[in-house]
Amino acid sequence: MKKLLTLLAFLLPTLAFAQWRVGANVGADMNHYIIDKHYQVDYQYKDRWGVTLGVMGQYDINNWLGIRAELDWIQKNYRVIRPLKKSADYRYVNNYLQLPVMASFSFGGQKVRGFVNGGIYGGYWLNSSREGSDYVNFTDRTYQFSEKVDFNSERDQRLDFGFVGGAGVEYRFAKHWAAQVEMRYYYSTVSTQKEYTGFKDPRYNSTLALQAGIWYCF
């Protein structure tokens, strides 16, 4: 009985503080496509900007620790150019739906607080498209294109999983409202391309995002 009372005495301050919050975020991201080019010596893979937005919920256990989950739509784009081939420029847009789950550690005053997030995420590659230009040697002409990229179930890995971490600042501007700015990094541990036809060609997304969000705190 004494142990139970001791445990309750320890938990009651935490339970008294615990609260939910819900919100939304929007931002921009820069994706870096990690690839072993093998024999593709004349290919250059370039980082490319994208957009991210989502909804988020957080359970604050106490004034310094919370558990956050989000449902985000994020673009992991990249660009491919071939300097040795005239006007070859492919700009890819890749849309993902992903669910980050993170521990959120905060510190600071009542109105302005810093925070650090860390955890894992799971995702799904929704669709892909590309636009740009290419050069045809036979006709000696450059053509423009804009098209959807169809998935190949034997080649393309649409499931995604990885680690996520971030840091930012929160400003509590009203009793129930707070705004946040966060720099966040996603590192995928799953190749976007499967091993097929006996050939290994791993490709990974590495994404840095800057986003702003607003919370309603209950």
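The values are calculated or read from the model by the stated rules, or taken from the named source; none is laboratory data. Quick caveat, the model's predicted, so the values are computed rather than measured. Note that each Cβ is placed from the backbone with ideal geometry, even for glycine, and that neighbours are counted across all protein chains shown. Only protein heavy atoms, including side chains, enter the accessible area calculation; ligands, DNA and RNA are left aside. Shrake-Rupley method; radii C 1.70, N 1.55, O 1.52, S 1.80 Å.
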Say we look at the stretch 42-57 and pick out the residues that are within 18 Å of SER128 (Cα to Cα) and open to solvent by less than 70 Å² (accessible area, probe 1.4 Å); which of these is nearest to the chain's Cα centre (by Cα)? THR52
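Restricting to strands (runs of 3 or more DSSP E) lying wholly in the stretch 94-179: which have 3 or more residues that are under 23 Å from the mean Cα position of the chain (by Cα) and among the small types (Gly, Ala, Ser)?
Details: elements: 112-136, 141-148, 159-171.
Result: 112-136, 159-171.
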Checklist (1) of a type in the set (D, E, K, R); (2) under 19 Å from ASP47 (Cβ atoms); (3) over 21 Å from the mean Cα position of the chain (by Cα); (4) at pLDDT below 95 applied to ASP201, failing item: (2)
Could you list, in sequence order, the residues of the stretch 28-57 that are assigned to a strand (DSSP E or B), touching an Asp or Glu at 6+ places or on another chain (Cβ under 8 Å) and not hydrophobic (A, V, I, L, M, F, W, C)? ASN31, HIS32, TYR33, GLY50, THR52, GLY54, GLY57
When you scan the stretch 125-137, do you find a residue that is under 27 Å from ALA212 (Cβ atoms), surrounded by 13 or more Cβ atoms within 10 Å (Cβ to Cβ) and in contact (Cβ under 8 Å) with a residue 60 or more places away in the chain, even just one? yes
If we ask which residues in the stretch 183-213 are of a type outside the set (Ser, Thr, Tyr) and surrounded by 15 or more Cβ atoms within 10 Å (Cβ to Cβ), their number turns out to be 12
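Could you grab me the full set of residues in the stretch 58-93 that are outside any strand (DSSP E or B) and open to solvent by less than 40 Å² (accessible area, probe 1.4 Å)? Outline the logic, then answer.
Taking the stretch 58-93 first, the residues outside any strand (DSSP E or B) are 61-64, 76-77, 83-87.
Once the filter is applied, which keeps residues that are outside any strand (DSSP E or B) and open to solvent by less than 40 Å² (accessible area, probe 1.4 Å), the stretch 58-93 yields ASN62, LYS76, ASN77.
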Scan the stretch 33-41 and tell me whether some residue there is modelled with pLDDT of 95 or more, crowded, with 16+ Cβ neighbours inside 10 Å, in contact with a Ser or Thr (Cβ under 9 Å, 6 or more places away or on another chain) and farther than 30 Å from PHE199 by Cα. no
With the first residue restricted to the stretch 100-115 and required to be closer than 20 Å to THR207 by Cα and of a type in the set (Ser, Thr, Tyr), and the second required to be open to solvent by 70 Å² or more (accessible area, probe 1.4 Å) and part of a strand (DSSP E or B), Cβ contacts under 8 Å at 6 or more apart or on different chains are SER104/ILE67
Restricting to the stretch 166-218, what's the tally of residues that are touching a strand residue (DSSP E or B) at 6+ places or on another chain (Cβ under 6 Å), β-branched (Val, Ile, Thr) and more than 23 Å from GLN98 (Cβ to Cβ)? 1
Among the residues of the stretch 148-182, write down those that are open to solvent by less than 50 Å² (accessible area, probe 1.4 Å) and without any contact (Cβ under 8 Å) to a residue 24 or more places away in the chain. ALA174
